[in-house]
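Student: Take this structure, written in structure tokens, and hold onto it; I'll ask about it next.
The values are calculated or read from the model by the stated rules, or taken from the named source; none is laboratory data. What you see is a predicted model, and the numbers here were worked out from it, not measured in a lab. Neighbour counts run over all protein chains shown; Cβ positions are idealised from the backbone, glycine included.
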Amino acid sequence: MVEKKNLLLGICGSPRKQGTEYAIQYALKYAADKYGFDTEFWTVRNKQINFCIHCDYCIREKKGCVNKDDMEDLYIKLEQAKYLLFGTPIFQGNVSGQLKTVMDRCRALIAKDSNVFKSKIGIALAVGGDRNGGQEIAIRTILDFFLQNHVLTVSGGAFGANLGASLWSKDLGKEGIENDEEGLRTIRKIIKRIADFK
Ligand SMILES: Cc1cc2nc3c(=O)[nH]c(=O)nc-3n(C[C@H](O)[C@H](O)[C@H](O)COP(=O)(O)O)c2cc1C
């Protein structure tokens, strides 16, 4: 699989077309308009994503996952993209179960090719209904996933986007994020940072 050197893939871990999806689309548009990234969007919404069942087929066979579901399409996108943006709503103080399942299912990609993520750069985004509802913990979960799997991780840096993009929807979905100017600024900061690697 040939990696597309200018491609930023945004993955949305929300089952709704609301705040998280809006935030990721905002990030992708900003990246394309301001820095000339090619972008793709993928969401867990309305997808069939089975749990990893730890059958170890991926380790034994090195041919991907035994599950045949909507992850097949995402596997190809993950292999192709140079830049990865994982975004999640906060569910119970951490990433959504849907995004966690996507992460677990990535084991099959790495089992097939341990170098698959080695040249990639990852950033994280989280949307909570509360101002401090677990955004930093969820961002850390995503960054730890990147770290564990050799994705180089960056943030937006000090003075705003310390670990990544952190947003507060006030449980108002898309409208809440449209009005979260400080949260949108954290998105711009993480995108500016990955543009340094182009
Ligand atoms: C099961 C569940 C658990 C949630 N837990 C939290 C939480 O721990 N902290 C928080 O800030 N918001 C929590 N929320 C609120 C969502 O994070 C918030 O409404 C967010 O905007 C949802 O993302 P969306 O706008 O993309 O749908 C929870 C929502 C659900 C459905």
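Student: Just checking, which of GLY183, GLY156 is under 29 Å from ASN115 (Cα atoms) and either of a type in the set (S, T, N, Q) or buried (at least 23 other Cβ atoms within 10 Å of the Cβ) (or both)?
Tutor: None of the other options fit; the residue is GLY156.
Results for (1) among the polar types (S, T, N, Q); (2) outside any helix (DSSP H, G or I), shown as yes or no for each residue.
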{"position": "ILE139", "(1), (2)": "no, no"}
{"position": "ASP144", "(1), (2)": "no, no"}
{"position": "LEU147", "(1), (2)": "no, no"}
{"position": "PHE159", "(1), (2)": "no, yes"}
{"position": "SER166", "(1), (2)": "yes, yes"}
{"position": "ASP171", "(1), (2)": "no, yes"}
{"position": "ILE177", "(1), (2)": "no, no"}
{"position": "ARG188", "(1), (2)": "no, no"}
{"position": "LYS192", "(1), (2)": "no, no"}
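Student: Being within 13 Å of the ligand (Cβ to nearest atom), surrounded by 24 or more Cβ atoms within 10 Å (Cβ to Cβ) and farther than 11 Å from ALA124 by Cα is the filter here; which residues of segment 23-32 pass it?
Tutor: The answer is ALA23, and nothing else.
Student: Please work out if THR20 is polar (S, T, N, Q) and within 14 Å of the ligand (Cβ to nearest atom).
Tutor: Considered against the rule, which asks whether it is polar (S, T, N, Q) and within 14 Å of the ligand (Cβ to nearest atom), THR20 comes out as yes.
Student: Also, I was wondering about something else. Filter segment 5-61 for residues that are among the hydrophobic types (A, V, I, L, M, F, W, C) and part of a helix (DSSP H, G or I); which is farthest from the chain's Cα centre (by Cα)?
Tutor: Of everything passing the filter in segment 5-61, ILE59 is farthest from the chain's Cα centre (by Cα).
Student: Looking at the structure I just gave you, is GLY64 in contact with a helix residue (DSSP H, G or I) (Cβ under 7 Å, 6 or more places away or on another chain), at positive phi and in contact (Cβ under 8 Å) with a residue 24 or more places away in the chain?
Tutor: Yes: the conditions hold for GLY64.
Student: Hey, could you check segment 62-82 for residues that are part of a helix (DSSP H, G or I) and among the aliphatic types (A, V, I, L, M) and say which is farthest from LYS118 (Cα to Cα)?
Tutor: MET71
Student: Also, quick follow-up: Step by step: first the residues of segment 131-141, then only those that are aliphatic (A, V, I, L, M) and under 13 Å from the mean Cα position of the chain (by Cα), then the one that is farthest from the ligand (Cβ to nearest atom). Which residue is that?
Tutor: The qualifying residue farthest from the ligand (Cβ to nearest atom) is ILE139.
Student: Of all residues being surrounded by fewer than 19 Cβ atoms within 10 Å (Cβ to Cβ) and assigned to a helix (DSSP H, G or I) in segment 102-130, which is nearest to the ligand (Cβ to nearest atom)? Just the residue, please.
Tutor: ASP104
Student: Criterion first (exposed (fewer than 15 other Cβ atoms within 10 Å of the Cβ), under 14 Å from the mean Cα position of the chain (by Cα) and either modelled with pLDDT of 95 or more or of a type in the set (Ser, Thr, Tyr) (or both)) does ASP144 satisfy it?
Tutor: When the stated conditions are applied, ASP144 passes them.
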